[in-house]
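Novice: My questions all concern the structure below.
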Amino acid sequence: MGKKLFQNKYGYFTEDGREYVITSPKTPKPWANAISNGDYSTIISQTGGGFSWRTSATENRITRTFQDTIKDDWGKYIYIRDEATKDYWSATWKPVCKESDFYEVRHGIGYSVIKSRDNNIATTMKIFVVPDNPLEIWELEIENTDTKERQLNLFTYFEWALGDAPDINREFHKLFIDTKYNVKMNGLTAEKCMWSMENSRGQAGNTNWPYVAFHSCSETPIAYDTDKENFIGMYSSEEHPKAMDNSKLTCKTGRYGDAIGALQVTVNLEPGEKKKIVFTLGCADSMEHADYLANRYNNIDESENAFNEVNKMWDKYLNTENINTPDNGMNIMTNIWLKYQALSCRIWGRTGYYQVNGGYGFRDQLQDSLIYLENNPEGTKDRLRIHASQQKNDGSVTHWWRPISKKGQVSRCSDDFLWLPCITIAYLKETNDFDFMDEEITYLDGGEGSIYEHCKKSINRSFAMFSPRGIPLMGAHDWNDGLSGIGIDMKGESFWVGEFLYYILSDFISIAQEKEDKNFVEKCKDICELLRTNINKYGWDGKWYLQATQDNGEKVGAKYNEQGFIYLNPQIWAVISGIADNDRAKKCMDSVSKYLLKDYGALLLFPEYSTPDEKIGYITRYAPGLRENGGVYTHAATWAVRAYAMLGDADKAYEAYRKICPPNRSNDIDTYMGEPYVTPGNSDGPTSPYYGRGSWTWFTGSAQWLHRVAVQWILGIRPNYNELIIDPCIPKEWNGFTYTRKLQDDIYMIEVDNSAHVSKGVKEIIVDGVKVESNKIATFGDKKEHVVKVIMG
Ligand code: GLC
């Protein structure tokens, strides 16, 4: 058996980091796996709780849940009944909650495996989503470890939701579901003739749910049920369902029950005998499609093939970039889990246990899409196209939208549209694909323009939203959504937006030069100058930068404020953008170190708001220390790592990193409570009685950024159009590290030697045996492997 990494009392990483093994079902919170193929998705916790959806968890839910992360008792279950004794238990800990003789959950990349042993019956249930089709497979291996023959019955059970979720008017919604048993498929189908979407006449709630859900089995079921009352029994529970007292399910289907899916299968096993059974659950486009999918995957070989495809698919995303540093937590997270979290949960499934979403956020999924750059930059490019098409001619963008109804929210947020040029720049720096700038994309309100023009429209929109003294307006809010009361009269200002814009312009100027767009180059240069002057004039508060001013001119994030006197973002972005000179950069980061960098990473502000303040926004309505109100908001806390590294402060950069790198929280896991293999949206700040508790795990934009700050700012290796910059900023104790990555189809194998034990400074670089004169390597573009030896000193 391999080494157990970051072991705590609930689990550990396997030696290769590819699985997290949970050894007790009673983790402090549900520890989940969000599995998706980009269309069909499922989430499963260590107890067996979870649910499934296709395309959108709120518009097209397949199985029902009502969010309750304390009980974690909505799942898709398999009951196992001993026909001799009538004793029963479940393949996952929930819903029967028997103390098993053995219980282990392996959350892997694209799958979970739950092993259990009860009454001398060992089960291994593997759950995964087929790569290119809208279904999940539960592959159950069942083994008789007894000395006598065992006769068992298996019963699957879950509730159909079919469409809108949560279906709060369930008594109404259930009336439209129709279930059937399909002999050819060894299973059930479910349809629904009601959906909140608009029909062809633009009328909502008067249309069919256009899919067919199915649940089938590789064995022929001896019975089935589709009504919750039949299965659970009136006033009974999932823990003790009535179905377990009856020899057979009722075999009733139709329109008049409370729709569930349940199949009953007989399994007889000689001593030592094993058997595999496959169950499918999916959401097809039509009855024929359902028939095809169920029949195709209803067999062991096809299920095993599909599982191999899952592994191949993930290898493609994970293996093109690999770091090996003395920090195992950094290795595991960077190489494996952050990529998985960003792709599977954030971009594809867009839902976690703590946030059931399904929509696309304009800025959120654009940022997430940076995770594609090292393995498949086309992924980033596609997202840029999609988000550009959510822009109007005036430069404004849909703040978020739902993928099926296409409905969304337009807001006067002051930064969302700016992420389009920001991520475009990152894409260009990686790929040098300037042709993309000429690609035409339609505007939401008609007409089309090149990507370059789309970016310009974003920037021009920002230029048009300045206060009379030349600072960008806050509008509905900036990146910090909770600052929702500061600028709604379009007078309040955001210094952070000013810095963000400055950051974008600094790079966009050279792109505009490339396009020979002289007037715009001049305009950008002028605005840069204006921003540098004004932000340093009006935004500097002595030891740090202000966050904002309110509509009435009051300062926010100023030393005279009793609450929220310092905010993180304007300090770290003053450094990241380069708007602060060296002296101020150092001073404001010293203030970050003093007030914000605490035990579990950098707080978003200090001190927290303790009473609601309508003029600041809903951020003040959170309890002190929760989320944006003075907690560690992981997304922004990752940017602090970059700011410290840019100042060359390797110790602080690493400290700010280490404290938010989840495996490191295995040491105080009962304080942390969250999964040690994915980032949390936030962790509680010092005034919370749960200081250090990680929450809103999985569905957070921090995953991609934690990956990026590690490779680009701690390891310091980052592409810059047609060169690769090598500028490590590492703990001086490290002897070195290696980093292999694809770049424009070349492979760079970089070995950094730090036997000099410095934290910064490159003494020598040798590429394929030839010494280069600077720490910037010109890319080859020859699709070959290149060995880069770096000596620090
Ligand atoms: C949430 C939003 C994100 C926003 C952040 C800070 O994570 O999805 O867009 O920037 O909160 O408020």
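Novice: Checking the structure you have, find out if any residue of the range 477-489 is surrounded by fewer than 16 Cβ atoms within 10 Å (Cβ to Cβ) and out of contact with any Pro (no Cβ under 8 Å at 6 or more places or on another chain).
Specialist: Of all residues in the range 477-489, those surrounded by fewer than 16 Cβ atoms within 10 Å (Cβ to Cβ) come to 489.
Next, only the ones that are out of contact with any Pro (no Cβ under 8 Å at 6 or more places or on another chain) stay: 489.
Checked the range 477-489: at least one residue is surrounded by fewer than 16 Cβ atoms within 10 Å (Cβ to Cβ) and out of contact with any Pro (no Cβ under 8 Å at 6 or more places or on another chain).
Novice: All but one of (1) within 13 Å of the ligand (Cβ to nearest atom); (2) closer than 23 Å to Ala464 by Cβ; (3) among the basic types (Lys, Arg) hold for Arg412; which doesn't?
Specialist: Condition not satisfied by Arg412: (1).
Novice: Something else: Would you mind telling me which numbered condition in (1) buried (at least 19 other Cβ atoms within 10 Å of the Cβ); (2) closer than 20 Å to Asp382 by Cα Glu439 fails?
Specialist: Condition not satisfied by Glu439: (1).
Novice: Which of the numbered conditions does Glu723 fail, given that it passes all the others? Conditions: (1) surrounded by 17 or more Cβ atoms within 10 Å (Cβ to Cβ); (2) within 28 Å of the chain's Cα centre (by Cα).
Specialist: Of (1) surrounded by 17 or more Cβ atoms within 10 Å (Cβ to Cβ); (2) within 28 Å of the chain's Cα centre (by Cα), only one is false for Glu723: (2).
Novice: Got at least one residue in the range 344-354 being β-branched (Val, Ile, Thr), in contact (Cβ under 8 Å) with a residue 24 or more places away in the chain and away from the ligand (no atom under 16 Å from the Cβ)? Break it down stepwise before answering.
Specialist: Quick first cut of the range 344-354, residues β-branched (Val, Ile, Thr) only: 347, 351.
From what is left, the residues that are in contact (Cβ under 8 Å) with a residue 24 or more places away in the chain are 347, 351.
Retained after the next criterion (residues that are away from the ligand (no atom under 16 Å from the Cβ)): none.
Checked the range 344-354: no residue is β-branched (Val, Ile, Thr), in contact (Cβ under 8 Å) with a residue 24 or more places away in the chain and away from the ligand (no atom under 16 Å from the Cβ).
Novice: On to the next question. Working only within the range 685-703, note down all residues that are away from the ligand (no atom under 16 Å from the Cβ) and under 28 Å from Tyr360 (Cα atoms). So that I can check it myself, show each step before the final result.
Specialist: Quick first cut of the range 685-703, residues away from the ligand (no atom under 16 Å from the Cβ) only: 686-693.
Arg693 - this is the single residue of the range 685-703 that is away from the ligand (no atom under 16 Å from the Cβ) and under 28 Å from Tyr360 (Cα atoms).
This table checks each residue for (1) surrounded by fewer than 22 Cβ atoms within 10 Å (Cβ to Cβ); (2) on the phi < 0 side of the Ramachandran plot; (3) assigned by TED's automatic domain parsing to the domain that holds Met287; (4) hydroxyl-bearing (Ser, Thr, Tyr).
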position	(1), (2), (3), (4)
Asp101	yes, yes, yes, no
Lys115	yes, yes, yes, no
Glu139	no, yes, yes, no
Asn186	no, no, yes, no
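Novice: Could you pull out the residue among Leu420, Leu428, Leu384, Leu373 that is among the aliphatic types (A, V, I, L, M) and within 16 Å of the ligand (Cβ to nearest atom)?
Specialist: Values: Leu428 fails: within 16 Å of the ligand (Cβ to nearest atom); Leu384 fails: within 16 Å of the ligand (Cβ to nearest atom); Leu373 fails: within 16 Å of the ligand (Cβ to nearest atom).
Going through Leu420, Leu428, Leu384, Leu373 in turn, the sole match is Leu420.
Novice: Only one of Thr189, Thr250, Thr226 is in a loop (DSSP other than H, G, I, E, B) and either farther than 29 Å from Ile300 by Cα or β-branched (Val, Ile, Thr) (or both). Can you tell me which?
Specialist: Going through Thr189, Thr250, Thr226 in turn, just one is in a loop (DSSP other than H, G, I, E, B) and either farther than 29 Å from Ile300 by Cα or β-branched (Val, Ile, Thr) (or both): Thr250.
Novice: Is it true that Ser506 is outside any strand (DSSP E or B), surrounded by fewer than 22 Cβ atoms within 10 Å (Cβ to Cβ), at pLDDT 95 or above and within 16 Å of the ligand (Cβ to nearest atom)? First the steps, then the outcome.
Specialist: On the way: outside any strand (DSSP E or B): yes; surrounded by fewer than 22 Cβ atoms within 10 Å (Cβ to Cβ): yes; at pLDDT 95 or above: yes; within 16 Å of the ligand (Cβ to nearest atom): no.
Here the answer is no, as Ser506 does not meet what is asked.
Novice: Could you list, in sequence order, the residues of the range 125-177 that are in contact with a Pro (Cβ under 9 Å, 6 or more places away or on another chain) and acidic (Asp, Glu)?
Specialist: Asp146, Glu149, listed by residue number.
Novice: In the range 9-35, how many are surrounded by fewer than 18 Cβ atoms within 10 Å (Cβ to Cβ) and either in contact with a helix residue (DSSP H, G or I) (Cβ under 8 Å, 6 or more places away or on another chain) or charged (D, E, K, R) (or both)?
Specialist: Within the range 9-35, residues that are surrounded by fewer than 18 Cβ atoms within 10 Å (Cβ to Cβ) and either in contact with a helix residue (DSSP H, G or I) (Cβ under 8 Å, 6 or more places away or on another chain) or charged (D, E, K, R) (or both) number 5.
Novice: Does Phe307 satisfy being under 23 Å from the mean Cα position of the chain (by Cα) and among the aromatic types (Phe, Trp, Tyr)? Outline the logic, then answer.
Specialist: Details: under 23 Å from the mean Cα position of the chain (by Cα): yes; among the aromatic types (Phe, Trp, Tyr): yes.
So Phe307 fits the description; yes.
Novice: Taking the range 53-73, which residues are surrounded by fewer than 23 Cβ atoms within 10 Å (Cβ to Cβ) and hydrophobic (A, V, I, L, M, F, W, C)?
Specialist: Phe66, Ile70
Novice: Based on what the data block shows, is Thr58 among the hydroxyl-bearing types (Ser, Thr, Tyr), more than 30 Å from Ile332 (Cβ to Cβ) and at pLDDT 95 or above?
Specialist: Numbers: among the hydroxyl-bearing types (Ser, Thr, Tyr): yes; more than 30 Å from Ile332 (Cβ to Cβ): yes; at pLDDT 95 or above: yes.
When the stated conditions are applied, Thr58 passes them.
Novice: Looking only at the range 599-612, count how many residues are surrounded by fewer than 17 Cβ atoms within 10 Å (Cβ to Cβ) and of a type outside the set (Gly, Ala, Ser).
Specialist: Just the residues of the range 599-612 that are surrounded by fewer than 17 Cβ atoms within 10 Å (Cβ to Cβ), to begin with: 599, 610-612.
Applying the additional criterion that residues be of a type outside the set (Gly, Ala, Ser) yields 599, 611-612.
So the count comes out to 3.
Novice: Looking only at residues in the range 490-503 that are over 29 Å from the mean Cα position of the chain (by Cα) and either surrounded by 21 or more Cβ atoms within 10 Å (Cβ to Cβ) or among the aromatic types (Phe, Trp, Tyr) (or both), which one is nearest to Cys528 (Cα to Cα)?
Specialist: Of the range 490-503, the ones over 29 Å from the mean Cα position of the chain (by Cα) are 490-493.
Narrowing the set further to residues that are either surrounded by 21 or more Cβ atoms within 10 Å (Cβ to Cβ) or among the aromatic types (Phe, Trp, Tyr) (or both) leaves 492-493.
Numbers: Gly492: 20, Glu493: 17 Å.
Among them, the one singled out is Glu493.
Novice: If a residue has to be under 31 Å from the mean Cα position of the chain (by Cα) and among the acidic types (Asp, Glu) to count, how many in the range 742-793 make the cut?
Specialist: Number satisfying all stated conditions: 3.
Novice: Between residues in the range 689-715 that are under 27 Å from Phe737 (Cβ atoms) and in a loop (DSSP other than H, G, I, E, B) and residues that are within 16 Å of the ligand (Cβ to nearest atom) and among the basic types (Lys, Arg), which pairs lie under 9 Å by C-beta distance while being six or more apart or on different chains?
Specialist: Listed pairs, sorted by first residue: Thr700/Arg346; Gly701/Arg346; Gly701/Arg363.
Novice: Among the numbered conditions (1) closer than 30 Å to Phe417 by Cβ; (2) in contact with a strand residue (DSSP E or B) (Cβ under 6 Å, 6 or more places away or on another chain), tell me where Glu273 comes up short.
Specialist: It is condition (1) that Glu273 fails.
Novice: Is it fair to say Gly487 is within 27 Å of the chain's Cα centre (by Cα) and within 21 Å of Arg627 (Cβ to Cβ)? Give the derivation first.
Specialist: Details: within 27 Å of the chain's Cα centre (by Cα): no; within 21 Å of Arg627 (Cβ to Cβ): yes.
Judged against the criteria, Gly487 is not a match.
Novice: Mind checking which strands (runs of 3 or more DSSP E) fall wholly inside the range 1-97 and carry at least 1 residues that are under 25 Å from Asp118 (Cα atoms)? Steps first, answer last, please.
Specialist: Details: elements: 5-8, 11-13, 20-22, 32-36, 40-45, 50-54, 61-63, 77-82, 88-90.
The strands (runs of 3 or more DSSP E) meeting that bar are 5-8, 11-13, 20-22, 32-36, 40-45, 50-54, 77-82, 88-90.
Novice: Right, here's the next one. Hey, can you tell me all the residues within the range 614-640 that are part of a helix (DSSP H, G or I) and either closer than 21 Å to Met474 by Cα or within 10 Å of the ligand (Cβ to nearest atom) (or both)? Step through it out loud before you land on a result.
Specialist: First, the residues of the range 614-640 that are part of a helix (DSSP H, G or I): 618-621, 634-640.
Once the filter is applied, which keeps residues that are part of a helix (DSSP H, G or I) and either closer than 21 Å to Met474 by Cα or within 10 Å of the ligand (Cβ to nearest atom) (or both), the range 614-640 yields Tyr618, Ile619, Thr620, Arg621, Thr634, His635, Ala636, Trp639.
Novice: Continuing with the same structure: Check Glu302, Glu270, Glu309, Glu288 and return the single one that is modelled with pLDDT of 95 or more, surrounded by fewer than 18 Cβ atoms within 10 Å (Cβ to Cβ) and closer than 14 Å to Thr189 by Cα. Full working, then the answer.
Specialist: On the way: Glu302 fails: closer than 14 Å to Thr189 by Cα; Glu270 fails: closer than 14 Å to Thr189 by Cα; Glu309 fails: closer than 14 Å to Thr189 by Cα.
Within the list Glu302, Glu270, Glu309, Glu288, the selection yields Glu288.
Novice: Oh, and also: List the residue pairs whose Cβ atoms are under 7 Å apart, where the first residue sits in the range 479-490 and is within 24 Å of Thr700 (Cβ to Cβ), the second is of a type in the set (Ser, Thr, Tyr) and more than 8 Å from the ligand (Cβ to nearest atom), and the two are 6 or more positions apart or on different chains.
Specialist: So the pair list comes out as Gly482/Tyr618; Ser484/Tyr618.
Novice: Still on this structure: If you check Arg412 against the conditions, is it surrounded by fewer than 20 Cβ atoms within 10 Å (Cβ to Cβ), over 29 Å from Tyr317 (Cβ atoms) and of a type in the set (D, E, K, R)?
Specialist: Values: surrounded by fewer than 20 Cβ atoms within 10 Å (Cβ to Cβ): yes; over 29 Å from Tyr317 (Cβ atoms): yes; of a type in the set (D, E, K, R): yes.
Yes.
Novice: Considering only the range 319-330, I want to know if a residue exists there that is among the charged types (D, E, K, R), at pLDDT 95 or above and either within 30 Å of Phe66 (Cβ to Cβ) or within 16 Å of the ligand (Cβ to nearest atom) (or both). Give the steps one after another, and end with the answer.
Specialist: Of all residues in the range 319-330, those among the charged types (D, E, K, R) come to 321, 327.
So of that shortlist, the ones also at pLDDT 95 or above come out as 321, 327.
Next, from what is left, pick out any that are either within 30 Å of Phe66 (Cβ to Cβ) or within 16 Å of the ligand (Cβ to nearest atom) (or both): none.
No, the range 319-330 has no match at all.
Novice: Tell me, please, whether a residue that is closer than 21 Å to Asn331 by Cα, within 16 Å of the ligand (Cβ to nearest atom) and either free of Cβ contacts under 8 Å to residues at least 12 places away in the same chain or assigned to a helix (DSSP H, G or I) (or both) can be found in the range 648-669.
Specialist: Among the residues of the range 648-669, not one is closer than 21 Å to Asn331 by Cα, within 16 Å of the ligand (Cβ to nearest atom) and either free of Cβ contacts under 8 Å to residues at least 12 places away in the same chain or assigned to a helix (DSSP H, G or I) (or both), which makes the answer no.
Novice: Turning to a different aspect of this structure: Please state which of the following conditions Asn561 fails to meet, knowing it meets all the rest: (1) over 30 Å from Ser593 (Cα atoms); (2) not in a helix (DSSP H, G or I).
Specialist: (1) is the only condition that Asn561 fails.
The values are calculated or read from the model by the stated rules, or taken from the named source; none is laboratory data. This structure is a prediction, so every number in the text was calculated from the model and none was measured. All Cβ positions, glycine included, derive from the backbone under ideal geometry; neighbour counts span all protein chains shown.
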